[in-house]
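Okay, structure first, notes after.
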Amino acid sequence: MPSPIAFTRTTLPGRIVFGDGALAQLAPELDGGSLRRAMLIVSARQPKLAVPGRSALGHRMALEWNEVRQHVPRDLAERATVAASTADTDVIIAIGGGSTVGLGKAVAVSTGLPLVAVPTTYAGSEMTPIYGLTSGTVKKTARDPAALPKIVVYDPRLLTALPASIVGPSGMNALAHCAEALWATNHDPITDALALDGAGRLQSFLRRAYTTTDLAARGEVLLAACLAGIALGTVGTSVHHALCHLFGGMCDAPHAETHAIVLPYVIRYLEPAIPDTIARVAEVMKCDPTTLADNVWSLARSVGTPTGLRAIGITRDQIDAVAEAAVAENLVSPRPLDLRPIRSLLRDAWNGELPQSM
């Protein structure tokens, strides 16, 4: 009898350096690639990250760039690209969260320079070739091999100072990556294994990483974010990320918080279409499949996620506008998007109530 398993998979290239104190390996990694003139991107809002970054690079730093904004405005990316070219840099080093890595990706795509990412949140975008740019109220994402970092340095020690207010939503963002990878149309057994492992680690360690600065717990969540990013980067995004990107572009909503709030409602919406996937996620999340959406909602609340989209400044009118845009754009989804249930889903997410069946 032939095996029922059949798939084609393209593995993303790149090098991962993971471990306590791994930032010290940054200079040897650059030297190994004969990279000598680095552009260091680190947000002005995180000056403490600039110090170890400068120290790790030493004489290899040609330029430091501190202007970073969420959703990567196109004009900002263009100015950073000009600066990188003017300074004759040969590598981009992005130390920070998703916005910092996102800017690094945009510069890498524009210049063709290699990117090295040192993530300090659980965003996970460092493991994907996906990047986004915002023009006005429109955020567009794209896939480009040049956006995938050549080296990713994961140092859990850098995350022990991460405030709990960022740990929670950022960890939930990683869980959203796991979920989207599992219900993607082109998922495969390897992607599934990575995503399920990541989801299980988040279930086991995210609460402890939120309530303490325990190095082991924050390291486990960082590994979960890495696994989730690899899984999502291989298959691409679906309806959940598309909705969150609409909120980002149309409402300038904070990325991680939006993911954390919306995820349980998307799970509830998709339940009828993907029962097997729901059951597999529920198993690693240690709950019954019928309560998965509620479990994810409760996990989000237990790690400080804002109660509803209105808590992050979204208006009721914006909810309806995003729902209409989602249906008009015919977003990729395991369950077709109809205006009435999508609007209902987003209104529930706006109120912050337990997800209702629809």
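The values are calculated or read from the model by the stated rules, or taken from the named source; none is laboratory data. Remember, predicted model here, so these are calculated numbers, not experimental data. Note: ideal-geometry Cβ built from the backbone for every residue, glycine included; neighbour counts use all protein chains shown.
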- [ ] Would you be able to say whether some residue in the range 130-144 is crowded, with 17+ Cβ neighbours inside 10 Å, modelled with pLDDT of 95 or more and aromatic (Phe, Trp, Tyr)?
- [x] no
Open item on the list: Looking at the range 139-183 only, could you name the residues that are in contact with a Gly (Cβ under 7 Å, 6 or more places away or on another chain), of a type in the set (A, V, I, L, M) and closer than 19 Å to Glu257 by Cα?
Closed with: Ala164, Ala174
Open item on the list: Can you go through Gly104, Gly98, Gly112 and tell me which one is modelled with pLDDT under 95 and not hydroxyl-bearing (Ser, Thr, Tyr)?
Closed with: Gly98
Task: In the range 325-358, residue farthest from the chain's Cα centre (by Cα) [restricted to those that are buried (at least 20 other Cβ atoms within 10 Å of the Cβ) and more than 20 Å from Met250 (Cα to Cα)] - done: Pro355
Open item on the list: Just to be sure I understand, how many residues within the range 303-320 are hydrophobic (A, V, I, L, M, F, W, C), buried (at least 16 other Cβ atoms within 10 Å of the Cβ), under 19 Å from Met250 (Cβ atoms) and out of contact with any Pro (no Cβ under 6 Å at 6 or more places or on another chain)?
Closed with: 3
Task: Positions within the range 246-266 being under 15 Å from Met358 (Cβ atoms) and either in contact with a Phe, Trp or Tyr (Cβ under 9 Å, 6 or more places away or on another chain) or basic (Lys, Arg) (or both), in sequence order - done: Val262, Pro264, Tyr265
Open item on the list: Can you say whether Ala164 is within 27 Å of Ile5 (Cβ to Cβ) and either at pLDDT 95 or above or not aliphatic (A, V, I, L, M) (or both), as far as the supplied structure shows?
Closed with: no
Open item on the list: Restricting to the range 218-238, count the residues that are surrounded by fewer than 21 Cβ atoms within 10 Å (Cβ to Cβ) and among the small types (Gly, Ala, Ser).
Closed with: 1
- [ ] Can you confirm whether the range 241-257 contains a residue that is among the charged types (D, E, K, R), surrounded by fewer than 18 Cβ atoms within 10 Å (Cβ to Cβ) and either out of contact with any strand residue (DSSP E or B) (no Cβ under 9 Å at 6 or more places or on another chain) or outside any helix (DSSP H, G or I) (or both)?
- [x] yes
Open item on the list: Please count how many residues of the range 255-286 are over 13 Å from His240 (Cα atoms) and of a type in the set (A, V, I, L, M).
Closed with: 8
TODO: Select from the range 36-48 the residues that are of a type outside the set (Lys, Arg) and either modelled with pLDDT of 95 or more or touching a helix residue (DSSP H, G or I) at 6+ places or on another chain (Cβ under 7 Å) (or both) and list them in ascending order.
DONE: Ala38, Met39, Leu40, Ile41, Val42, Ser43
TODO: For Ala253, work out the one condition from (1) aliphatic (A, V, I, L, M); (2) closer than 21 Å to Gly198 by Cβ; (3) in contact with a Leu (Cβ under 9 Å, 6 or more places away or on another chain) it doesn't fulfil.
DONE: (2)
Open item on the list: Which count do you get for residues in the range 141-167 that are in contact (Cβ under 8 Å) with a residue 60 or more places away in the chain, in contact with a helix residue (DSSP H, G or I) (Cβ under 8 Å, 6 or more places away or on another chain) and not aromatic (Phe, Trp, Tyr)?
Closed with: 15
- [ ] For Thr160, state whether it is polar (S, T, N, Q), farther than 19 Å from Gln70 by Cα, surrounded by fewer than 22 Cβ atoms within 10 Å (Cβ to Cβ) and touching a Lys or Arg at 6+ places or on another chain (Cβ under 9 Å).
- [x] yes
Open item on the list: Criterion first (closer than 25 Å to Asp31 by Cα, among the hydroxyl-bearing types (Ser, Thr, Tyr), touching a residue at least 60 places away in the same chain (Cβ under 8 Å) and touching a helix residue (DSSP H, G or I) at 6+ places or on another chain (Cβ under 8 Å)) does Tyr122 satisfy it?
Closed with: no
Open item on the list: Cβ-Cβ under 8 Å, sequence separation 6+ or interchain: first residue in the range 300-325 and on the phi > 0 side of the Ramachandran plot, partner among the acidic types (Asp, Glu). Which pairs?
Closed with: Gly308/Glu353
Open item on the list: Based on this model, can you work out whether Glu283 counts as assigned by the TED database to the domain that holds Ala176, assigned to a helix (DSSP H, G or I), more than 28 Å from Phe7 (Cβ to Cβ) and of a type outside the set (Gly, Ala, Ser)?
Closed with: no
